[in-house]
1. For segment 695-718, name all the residues that are out of contact with any His (no Cβ under 7 Å at 6 or more places or on another chain) and in a helix (DSSP H, G or I).
2. How many of the residues in segment 496-538 are in a helix (DSSP H, G or I) and closer than 16 Å to Val457 by Cβ?
3. Which condition number does Arg42 fail, the rest of (1) farther than 25 Å from Pro188 by Cβ; (2) open to solvent by less than 70 Å² (accessible area, probe 1.4 Å) being met?
4. Run Thr408 past the list (1) within 23 Å of Val726 (Cα to Cα); (2) in a helix (DSSP H, G or I); (3) open to solvent by 60 Å² or more (accessible area, probe 1.4 Å) and report the number of the one that doesn't hold.
5. Being free of Cβ contacts under 8 Å to residues at least 40 places away in the same chain, of a type in the set (Gly, Ala, Ser) and either open to solvent by less than 30 Å² (accessible area, probe 1.4 Å) or more than 30 Å from Ser675 (Cβ to Cβ) (or both) narrows it down to one residue among Ala220, Ala211, Ala248, Ala240; which is it?
6. Please find, among Ala360, Ala355, the residue that is closer than 23 Å to Ala710 by Cα, free of Cβ contacts under 8 Å to residues at least 60 places away in the same chain and crowded, with 19+ Cβ neighbours inside 10 Å.
7. Given the residues Arg285, Arg271, Arg324, Arg259, which is the only one that is open to solvent by 20 Å² or more (accessible area, probe 1.4 Å), basic (Lys, Arg) and over 21 Å from the mean Cα position of the chain (by Cα)?
8. For segment 417-442, name all the residues that are assigned to a helix (DSSP H, G or I), of a type in the set (A, V, I, L, M, F, W, C) and in contact (Cβ under 8 Å) with a residue 60 or more places away in the chain.
Amino acid sequence: MTAARYLGQPLLRREDEPLLRGAGRYLDDLRLAGTLHLAVVRSPFAHARLLEVDTAEAAAAPGVALVLTGADVAGMVAPPKSRPDRRVPPRPLLATDRVLMVGDPVAVVVADTPARARDAADLVFPDYDPLPVVADPETATDQPPIHPDYDDNVAFDRSGGDRAAVDALPGPIVVEGSVAHPRVVPAPLEPRGALAIWHDGDLTLYLGTQAPALMADELAWALDLPKERIRIVVPDMGGAFGSKFDLAEEEMLVIEAARRLGVPVKWVETRREHFLTIGHGRAQRHAYKAVADADGRLQGLWVESLVDVGARKRYLSGPPYTPRIGTGNYVVPAYAWRQLGVFTNLAPTGIYRGAGRPEATLTIERVIDRVARATGVDPAEVRRRNFVTEFPYESPGGAVFDTGDYATALDLLLEAADYAGLRARQREQRAAGRLPGIGLCAYVEATAFERFGRAIVDVDAVGRVRVRVGTLDHGQGHRTTFAQIVADQLGLTPDDIDVAQGDTADIPFGFGTSGSRSAAHGGSAARGGAQDVAAKAARIAAHLLEAAPDDIVLTGGRAEVAGSPGSGIPWVEVAAAAHDPARLPPGEEPGLSADHQFDSGGITFPFGMHLATVEVEADTGVVTLDQVWAVDDCGTVINPMIAAGQRHGGLAQGIGQALTEEVVYDGDGNLLTSSFLDYLLPTAAQLPPLRLLGTVTPSPQNPLGAKGVAEAGAIGIPPAIVNAVVDALEPFGVDHLDLPLRPERVWRAIHG
């Protein structure tokens, strides 16, 4: 028995001190003797036949050790594997007969320095024969297939529900339209990278990845190599946001170069390569039809999603959870959907913060605001009238929401923001000729996919606790939060707990970190392992103290007998006894450790309410974001300070998506936004005050009651902002705007 002291406390992050001192070791900081460096030759064409590749000058360049073309690695492919529910064309490591996008790898050069590798790459001369380019997903199904093995450009086509039932509804309110979800770039501070060492058939790969054990599985498949011969080590990592959850051609090429040369080979992605080839987020367009009664209560909803998969499939293209939560926080009696994924000659799309939930939320929240305008009912009241109120709730898309209390969260938001006062001031400002806007968003998201978590908790003979987890902390603060969880179970302090991760030689298990699953699954597994250790520690202490195990309390670094303060022994003595067979109770094995696998009850469904106020300048179309309020409910909060940091980060990315961020291609498939000069991220100076509030509705799916929170801001704030800008432009009859809300787009809406 223990008492909780640290769960819910805003402890400072243990991870930060070495990083702030510059003592972090990122992938490009690794310096192994004899390391060579790889540079990639990439196609300047979006679609072309590759006739030949002249490598003679590159091979003779100073410092060059190896040049590879498609012929040299023919038959080798990068993950993912094929799937029965969608087309997954193979990903050759280097193009052989055709290129499918600007940036497609055509050759690699390995040299003794990064500069020499890049210089020599410029001496590789491919010969191309351009082909027609599929750059517009809207016309992709009408164009010749870009993959010769297929008869069209359809990657997948799935649907659910009965559209005819929606069309047959009487109304009287019917709103129809479309919502664009533009491509966006994950843009972590540190791009991708890999350092491979091949020795006697064994592979050690230093890799920036969110899921080392899963990547070992992928490599075992791709290389036809036993998994036990693959070791993946993750150094410090500067962010990911989903972009480092899978493998692509470059990581495989680094491995192949190291295998051929017998020396370490490193590749570090440039920022331009990141823009060109990383899995872009979103890239969908939704057409919708919604039917409601005169009071704004939804009767039916139909959504058809066109998903731009890009040239090839990455780990997740066209997230399947978009239609599953397509009805949002609302009761929708009739719901139908279709998801059509198409191949284009653009970069692949993949995982990016939220991965399918932002798309669902933006569409349903635009629908709700249009219904509010059509009925004349306040947008907050329309949301309230449609909320799901009984849980668990099975949505018509097939998701089962575990818990929720949407009305309470909305009430908290409206009170904190003084919603009535905002509306009154808006009327005054409009009368004075200004264009203020107020936007709301209710969201529900799905988190904690892949139901399992695992942790190993070991205590050495001097009482030090080591927790091995299958999640991967790359900014989330697991070394702090998991230590808090374990410390409470063992009656220790977080400083007594070491959290280990990211080396498959030590931790060959785990789904890594994605989908806001770490607290629910990794934290619950760590808790369970600590409880198992605590139970054995109590048995050992009871034996030493001649007491009953149920009477032992682990607290303050001691094992005490309940009701007899000062009668116990120090934790270090319990640990020492655990490793001394002569001091153990009969039947106990030496050691103090537990290997705990946690099986959750299912996916968790956090939720929240966001509000944004804006002002639009009519003469220029400039949108000023004035204030943001966010009420988020992620169940039990382990560390409020760390949760707030996650929420700030999500809001910043959501604000960027709403106002400035968009990947733009021309009609020939050329990327026009290939640097931070033309792909605009928000700066701190552009962010308004972020007012964070919360409610707590624990999940029954795990013993912590935790749900994810890291993606909340990226899901909830874009709809609130676009709703606010459309609200500001109501005097001009504007009823929709697509993201991002750049001045030109807003100006054109104002001026017709």
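The values are calculated or read from the model by the stated rules, or taken from the named source; none is laboratory data. The shown structure was predicted, so the numbers you read here are calculated from the model rather than taken from an experiment. Cβ atoms come from the backbone with ideal geometry, glycine included; neighbour counts cover every protein chain shown. We work out accessible area using only protein heavy atoms, side chains counted, and drop any ligands, DNA or RNA first. Shrake-Rupley method; radii C 1.70, N 1.55, O 1.52, S 1.80 Å.
1. Those that are out of contact with any His (no Cβ under 7 Å at 6 or more places or on another chain) and in a helix (DSSP H, G or I): Ala712, Gly713, Ala714, Ile715, Pro718.
2. Let us first name the residues in segment 496-538 that are in a helix (DSSP H, G or I), namely 496, 518-538.
Among the residues that remain, those that are also closer than 16 Å to Val457 by Cβ are: 496, 521-538.
Within segment 496-538, residues that are in a helix (DSSP H, G or I) and closer than 16 Å to Val457 by Cβ number 19.
3. (1)
4. The failed condition is (1).
5. Ala220
6. Ala360
7. Going through Arg285, Arg271, Arg324, Arg259 in turn, just one is open to solvent by 20 Å² or more (accessible area, probe 1.4 Å), basic (Lys, Arg) and over 21 Å from the mean Cα position of the chain (by Cα): Arg259.
8. From segment 417-442, those assigned to a helix (DSSP H, G or I) are 417, 419-431; that's our starting set.
Keeping just the survivors that are of a type in the set (A, V, I, L, M, F, W, C) gives 417, 420, 422, 424, 431.
Across segment 417-442, the qualifying residues are Ala417, Leu422.
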